[in-house]
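Below you will find the structure I want to go over with you.
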Amino acid sequence: MEYVRFVDVALCHEYFNGSTCGFKVVPSPETAEILKREESMCRIYDGKVRIMAPTTSFVKNTTLFFYVRASIADIWNVTNFDGIAHDEFPVAVVTSEQETRFEGRPKSEMPELQRMFGVVFALEIHLEFGKPVVCTVKVPAKRMRWCYCVSGANAERNLQINDSLKTAEPIEFDCVERSPRFSLYVSRCEIPIVSGAPSRFQLLDTKTSKVLVKNLPNASGKKVAKASLDDGSRAIVAECFVNL
């Protein structure tokens, strides 16, 4: 019997630089029954779903539904589903036209979620006969303001954070708090949080233009806090600690 590829979908996260790690995919009971009935072979590994089946399978339009668990705890802190309402659950919809999108579904329509642990989102694949689904679902990472907490002997000095990556339109930082013990510098705009990305910011002494730290550490989703801004408002920031 000849088998052909019907589905080849990879899940990647922007935070992990496009890596497919961090996800564990589980078919719903209804999907497991469909796969068995169609005599298909479903391989799920490293955030990838690959389905092989006889050429005579899936002759009708079919919807396959999978639950995606987090195998790395950081995913809960760095995933951006801000467009999904509180009473909704994020679902990644994939079609035979290789289109992908995230949409919210009422949690009340998925009572099985209450019996499942660690599910981040669901994957829904729409199959049409003769049209294999081959694509990559990109899970968005959070964009946050970065906050550098500078402590030590130089904390009270007038410092500047230089963007070495974008010289034409650099990301600028404001000093929102300064004391003899520490100073806080918060970015004026949100910046993506990406694990393993090259360092882009430098710490300079404004008076002498001397580079105090050539490569400041990147922000991490593990260090999330609230900071007061110049206008008196408060914002969620990703903190980095620098001791001089």
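Every read-out reported here was derived from the displayed coordinates using simple, explicitly stated rules and does not represent laboratory data. Since the structure is predicted, the reported quantities are computational estimates derived from the model, not experimental observations. Here the Cβ positions follow ideal geometry from the backbone for every residue, glycine too, while neighbour counts run over all protein chains shown.
Take A32 and E109, extend 7 Å from each Cα along the Cα→Cβ direction, and tell me the distance between the two endpoints in nm.
The answer from the label model is 2.3 nm.
Something else now. Among the listed pairs K142/K166; K48/K138; K107/K222; K166/K222; K36/K131; K36/K60, give every one whose C-alpha distance is greater than 22 Å. Walk me through the numbers on the way to the answer.
On the way: K142/K166 20 Å; K48/K138 12 Å; K107/K222 27 Å; K166/K222 26 Å; K36/K131 20 Å; K36/K60 15 Å.
Beyond 22 Å between Cα atoms: K107/K222; K166/K222.
Picking from Q160, Q114, Q202, which is most flexible by a Gaussian network model of the chain using Cα springs under 10 Å?
Q114
Determine, for H126, H13, the number of other Cβ atoms within 10 Å of each Cβ, and report the residues in order from fewest to most. Don't jump to the answer; show the numbers that get you there.
Details: H126 16, H13 27.
Exposure proxy ranking, most exposed first: H126, H13.
Can you give the calculated 222 nm mean residue ellipticity of the chain, where each DSSP H run of n ≥ 4 adds -39,500 (n - 2.57) and the sum is split over every residue, rounded to the nearest 500 deg cm²/dmol?
That calculation yields -1500 deg cm²/dmol at 222 nm.
Under 15 Å from the Cβ of R178, count the other residues' Cβ atoms, weight Lys and Arg +1, Asp and Glu -1, and hand me the total. Write down the numbers at each step before the final one.
Values: positive: R157, R181, K207; negative: E156, D174, E177, D205, D230.
Net charge in that neighbourhood comes out at -2.
Considering the alpha-carbon set of region 144-243 alone, what are its Rg and its Dmax in angstrom?
12.7, 34
Calculate the length of the line joining the C-alpha centroid of region 179-224 to that of region 85-114, in whole Å.
Region 179-224 and region 85-114 have Cα centres separated by 36 Å.
Using the Cα centre as the reference, give the magnitude of the dipole from point charges on the C-beta atoms of region 3-139 (Lys, Arg: +1; Asp, Glu: -1; all else neutral), rounded to the nearest 20 debye.
Details: 15 positive and 18 negative charges, 89 e Å.
Rounded to the nearest 20 debye, it is 420 debye.
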